[in-house]
1. Quick check: residue separation of residue 176 and residue 64 times 0.36 nm, minus the Cα distance between them. What number comes out in nm?
2. Skip the ligands, DNA and RNA, and give the accessible area per residue of the stretch 91-191 with a 1.4 Å probe, whole Å².
3. Between 234, 20, 221, where does the largest GNM mean-square fluctuation fall for the chain, given springs only between Cα atoms within less than 10 Å?
4. Compute the Cα gyration tensor for the stretch 94-208, then decide on rounded, prolate or oblate, letting a ≥ b ≥ c be the square roots of its eigenvalues: rounded whenever a/c is under 1.5, prolate when a/b is larger than b/c in the other cases, and oblate in all that remain.
5. Among 27, 54, 173, whose mean-square fluctuation peaks in a Gaussian network model of the chain (Cα, cutoff 10 Å)?
6. Along the charge dipole of the stretch 6-49, pointing to its positive end and built from +1/-1 on Cβ of Lys, Arg, Asp and Glu, which listed residue (9, 21, 39) has its Cα farthest out?
7. Percent antiparallel among DSSP beta bridges with both residues in the chain, to the nearest 5?
8. Could you work out the relative contact order of the stretch 199-270, using alpha carbon pairs under 8 angstrom and six or more residues apart, expressed as a whole percent?
Amino acid sequence: MAGALDDAQFAALAAAVRHVLGIDLDAYRSQQLDRRLRFFRARHGLVDNAHLAARLREDAALARQFEDFLTINVSEFFRNPDRFDLLRERFLPALLARRRSLRIWSAGCSVGAEIYSVAILLAELDPAGHHELLGTDIDADALERARQGVFEPLEVRAVPTPWRLRYFRREGANWVLHPEVRCRVRFVRHDLVQDPYPADWDLILCRNVVIYFTEPVKRRVWTNLAASLRPGGVLFVGGSESLYGVGGTGLRYAAPCFYVREEPGGQAVR
């Protein structure tokens with residue numbers, strides 16, 4: 001009976017989250033999510049998922065806190081610097097050699113640190129270039145913070161000092177990204193689980209996002225992202241993520257965290 005009750009309560013919570021926030025909670029269901037829900041309920045004095053569901057429908061402030069809690073907005077510039085070194089030294093130059101104007105999408109961009117990291121790399125590699133950079137996330141608050149471009153010290157700790165001085169200004173304890181970098185990136189709300197995917201990208205970053213999804217949703221997201229790449233395009237994933245076991249995407253492993261979409265004839269960025 002307890003299992004049936006738990007399932008019914010989770011279904012009520014999923015319905016409330018879908019109605020209030022437009023988020024498909026079923027895509028996230030896992031032991032990790034169950035632990036996080038227990039923590040959130042305990043912090044707010046809620047006895048079970050049914051109680052949480054009822055409160056989300058009647059308390060807008062709690063719903064906003066729950067959305068922030070669920071979407072896990074943890075990001076920083078040049079996260080895993082060795083991977084960004086590889087992007088700067090190998091993959092971006094190869095893409096620029098093929099196409100004068102690149103289209104780059106950061107899916108699940110959080111507060112924008114990673115897509116802004118790419119903007120900085122392009123400013124260094126191709127100062128006169130005109131490229132399309134898009135950041136998307138499900139969290140509207142995170143996107144608004146991304147547009148403002150104000151970052152805490154820990155979020156910029158991996159930015160090399162010369163770049164920090166060149167592309168940021170200090171404001172109290174925080175670092176503010178210069179407008180000429182901010183204006184290069186467009187931010188739009190997008191749900192990787194439910195929304196159609198934009199197409200024809202040269203580089204897609206989707207890092208430390210898909211790990212929170214169920215296995216069927218993971219496979220669907222990877223497949224959709226692969227289809228969104230141009231032939232020869234590059235997918236950049238998180239250090240704990242892998243496309244192992246996801247067949248039929250047309251992607252080939254190129255380096256740790258990097259996959260390329262094969263072109264007709266089998267050629268791709270090396």
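1. 37.8 nm
2. I get 45 Å² per residue for the stretch 91-191.
3. Comparing 234, 20, 221 in the GNM, the peak value goes to 20.
4. Here the stretch 94-208 falls in the oblate category.
5. Highest fluctuation of the listed residues: 173.
6. It is 39, whose Cα lies furthest towards the positive end.
7. 40 percent
8. Relative contact order of the stretch 199-270: 34 percent.
The values are calculated or read from the model by the stated rules, or taken from the named source; none is laboratory data. Model, not experiment: these values are computed from the prediction. Backbone-built Cβ (ideal geometry, glycine too); neighbour counts: all protein chains shown. These area figures cover heavy atoms from the full protein model, side chains too; ligands, DNA and RNA do not enter into them. Shrake-Rupley method; radii C 1.70, N 1.55, O 1.52, S 1.80 Å.
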